[in-house]
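Report on one structure; see the data block that follows.
All of the numbers you see were taken from the coordinates with simple rules; none came from a lab. Here the structure is a predicted model, which is why all the values come from computation and not from measurement. Here the Cβ is made from the backbone with ideal geometry for all residues, glycine too, and neighbour counts use every protein chain on show.
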Amino acid sequence: MASAPEILDELKRLRARVPQLTGALAAGVDGLVLAHDTPGVEPEVVAALTAAALGVAVRMADTTGQGDFRELLVRGRYGYVSTYSAGENAVLTLLAQDRVNVGRLHLEGRRAGARIGELVDAREAKARAAAAAAPVKTPPKAPAKAPVRTPAKPTTVRTRSARGPATTNARTTTES
């Protein structure tokens with residue numbers, strides 16, 4: 001994922017543009033915190049709840065034919081929690097006071113989500129390129145062992161002859 005300082009800088013710039021924000025958090029779609037500026041709130045809990053809400057929102061959008069997830073808004077008695085798509089692998093969750101201009105919240109949240117998505121995607125692309133360019137280390141091969149041969153069982157073939165039954169062995173022939 002993108003380095004936390006780059007994402008944290010974006011979160012702080014967002015909070016400066018929208019003074020009614022009380023917190024901002026970027027997380028992976030799996031619920032792991034990438035960066036946060038959430039005083040008084042446990043970021044790991046918010047990230048985990050964001051991942052759960054995201055799962056429901058994605059399913060709701062898909063089931064109703066509304067397309068890919070873009071954003072989710074929850075209004076509580078004391079304010080808003082809004083979650084925005086941030087590329088393929090991340091989301092941005094914002095906490096805002098009840099007096100926030102919701103249109104401004106959406107405008108800035110969408111922009112910041114797009115920027116964070118770019119940071120995360122660029123970092124992942126760089127990591128994939130580094131992994132592809134790195135030489136693959138293979139463990140040393142063990143010395144080859146000589147095949148073990150086991151003696152074969154003698155094959156017995158019974159034939160009839162004029163003088164009586166005869167037993168033929170692969171190694172010897174006897175007549176009785």
With T = 37 °C, eta = 0.692 mPa s and Kirkwood Rh from C-alpha pairs, the Stokes-Einstein D of region 4-133 in µm²/s is about 221 µm²/s
Non-local residues with an amide H under 5 Å from the amide H of residue 35, with H modelled 1.01 Å from N and Pro and chain starts lacking one, are 26
Once both label points are put 7 Å beyond Cα along the C-beta direction, the residue 134-residue 64 separation in nm becomes 4.4 nm
Applied in sequence order to region 89-103, the curve 6.51 cos²θ - 1.76 cosθ + 1.60 (Karplus, θ = phi - 60°) yields integer Hz couplings, x standing for Gly and Pro, of 10, 8, 9, 10, 10, 10, 10, 9, 5, 5, 8, 5, 6, 5, x
